[in-house]
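These notes concern the structure reproduced below.
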Amino acid sequence: GENVEQHPSTLSVQEGDSAVIKCTYSDSASNYFPWYKQELGKRPQLIIDIRSNVGEKKDQRIAVTLNKTAKHFSLHITETQPEDSAVYFCAASMEAGNMLTFGGGTRLMVKP
Amino acid sequence: EAQVTQNPRYLITVTGKKLTVTCSQNMNHEYMSWYRQDPGLGLRQIYYSMNVEVTDKGDVPEGYKVSRKEKRNFPLILESPSPNQTSLYFCATRQAHLPEAFFGQGTRLTVV
């Protein structure tokens, strides 16, 4: 089955700096790669996703890049703000298949 | 309002005492799934269901049972809970043709 590795497990940045979280996946059949944000005590919520037919997607301060050949994808957050502090999960799946396989999560701390 | 509702939100129980965590959705989603969240391990799938009366094991099914007698409900059953099942549990749903997963609020279970 699919295996997703996520790094780093914790990331501390200064407000205004950029943050990058990286994930690798094992199943070349996976074609859907979402990112979820989980604030303290809350449920995971989708913040951005990318499908394998595109290499990059951007939504305001967040962007995701995908390298299908290397089987890795990354989340980029620019101009970080304290409210970006949360746990971020990457995931992979086949759109028409099962549910998602998640990475281990990254705890992002943005210091004011 | 579209919702995925889990009950209870918090539960402390003793080893061996059978319990059920309920999950109900009003979005008419075909797919439902249970995950457990543990520090450093991300979200791991326990069981999933692609339709009524169709269930399959995920990555960590040992010690759990599920049923899908009707589309909206997908209860998670622990016949004989053990301390290693202490965790945060999430139910998630999605449509068959769209990959985005929607999570319930979570159930924090402690087995002593």
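The values are calculated or read from the model by the stated rules, or taken from the named source; none is laboratory data. Here the structure is a predicted model, which is why all the values come from computation and not from measurement. Neighbour counts are summed over all protein chains in view; Cβ atoms, including those assigned to glycine, are modelled from backbone coordinates with ideal geometry.
Among the residues of the range B:57-74, not a single one is surrounded by fewer than 20 Cβ atoms within 10 Å (Cβ to Cβ), farther than 28 Å from A:ILE50 by Cα, of a type in the set (Val, Ile, Thr) and modelled with pLDDT of 95 or more.
Scanning the range A:29-78 for residues that are of a type in the set (D, E, K, R) and either within 9 Å of another protein chain (Cβ to nearest Cβ) or not in a strand (DSSP E or B) (or both) returns A:GLU39, A:LYS42, A:ARG43, A:ASP49, A:ARG51, A:ARG61, A:LYS68, A:LYS71.
This table checks each residue for (1) over 19 Å from B:GLN95 (Cβ atoms); (2) within 11 Å of another protein chain (Cβ to nearest Cβ); (3) touching a helix residue (DSSP H, G or I) at 6+ places or on another chain (Cβ under 6 Å).
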| position | (1), (2), (3) |
| --- | --- |
| B:VAL21 | yes, no, no |
| B:SER24 | no, no, no |
| B:SER33 | no, yes, no |
| B:ASP38 | yes, yes, no |
| B:LEU41 | yes, yes, no |
| B:ILE46 | yes, yes, no |
| B:GLU53 | no, no, no |
| B:VAL60 | yes, no, no |
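Only residues that are in contact with an Asp or Glu (Cβ under 7 Å, 6 or more places away or on another chain) and free of Cβ contacts under 8 Å to residues at least 60 places away in the same chain were counted across the range B:11-46, and they come to 2. In the range A:61-80, the residues that are within 17 Å of A:TYR32 (Cα to Cα) reach residues that are exposed (fewer than 14 other Cβ atoms within 10 Å of the Cβ) with C-beta atoms within less than 6 angstrom, at least six apart or across chains, in these pairs: A:THR65/A:GLU56; A:LEU66/A:GLY55. Being more than 27 Å from B:HIS97 (Cα to Cα), within 12 Å of the chain's Cα centre (by Cα), touching a residue at least 60 places away in the same chain (Cβ under 8 Å) and buried (at least 17 other Cβ atoms within 10 Å of the Cβ) holds for only one residue in A:ALA92, A:ALA19, and it is A:ALA19.
The residues of the range A:90-112 that are out of contact with any Pro (no Cβ under 6 Å at 6 or more places or on another chain), assigned to a strand (DSSP E or B) and not hydroxyl-bearing (Ser, Thr, Tyr), listed by number, are A:CYS90, A:ALA92, A:PHE102, A:ARG107, A:LEU108, A:MET109, A:LYS111.
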